[in-house]
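Worksheet for the structure shown next.
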Amino acid sequence: MNTKTKMPEWFGGECYEDGDTVKNPFSGEEYKLNNVELSMYDFIIGAQLVFEMSPNLATKGMVDDFQKGLDWFREHNAKAYMVLLD
């Protein structure tokens, strides 16, 4: 892992080896994320897609983990959260 930031215990997704730059599709603003932040960002965006495309598949646990992901991201990188997710 490229950073000292660790994934939370509840996170069951993949943790990437490398980070990357992410672009907000609405504003066009970009933000460089480390590997852990990028892993959480992709988890959040993936959950949003599931909720939008197949809302009947969303369980309470999925919604809870989605909210935990948003909270985690806001706590660990508030500036990136404001650019990419707010």
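The values are calculated or read from the model by the stated rules, or taken from the named source; none is laboratory data. Everything numeric here is computed off the predicted structure, so don't read it as measured data. Every residue, glycine among them, receives a Cβ derived from its backbone with ideal geometry; neighbour counts consider all protein chains shown. SASA here: full protein model, heavy atoms, side chains in, ligands and nucleic acids out. Shrake-Rupley method; radii C 1.70, N 1.55, O 1.52, S 1.80 Å.
Observations on the structure shown:
- Charging the Cβ of each Asp and Glu at -1 and of each Lys and Arg at +1, and nothing else, the dipole of the chain about its Cα centre rounds to 160 debye.
- Classified by the C-alpha gyration tensor, the chain has an oblate form. Its axis ratio a/c, with a ≥ b ≥ c, is 1.5 or above, and a/b does not exceed b/c.
- Protein-only accessible surface order, largest first, of SER54, SER39, SER27 at 1.4 Å: SER27, SER54, SER39
- Probe 1.4 Å, all protein chains present, accessible-area order of LEU33, LEU49, LEU85, largest first: LEU49, LEU85, LEU33
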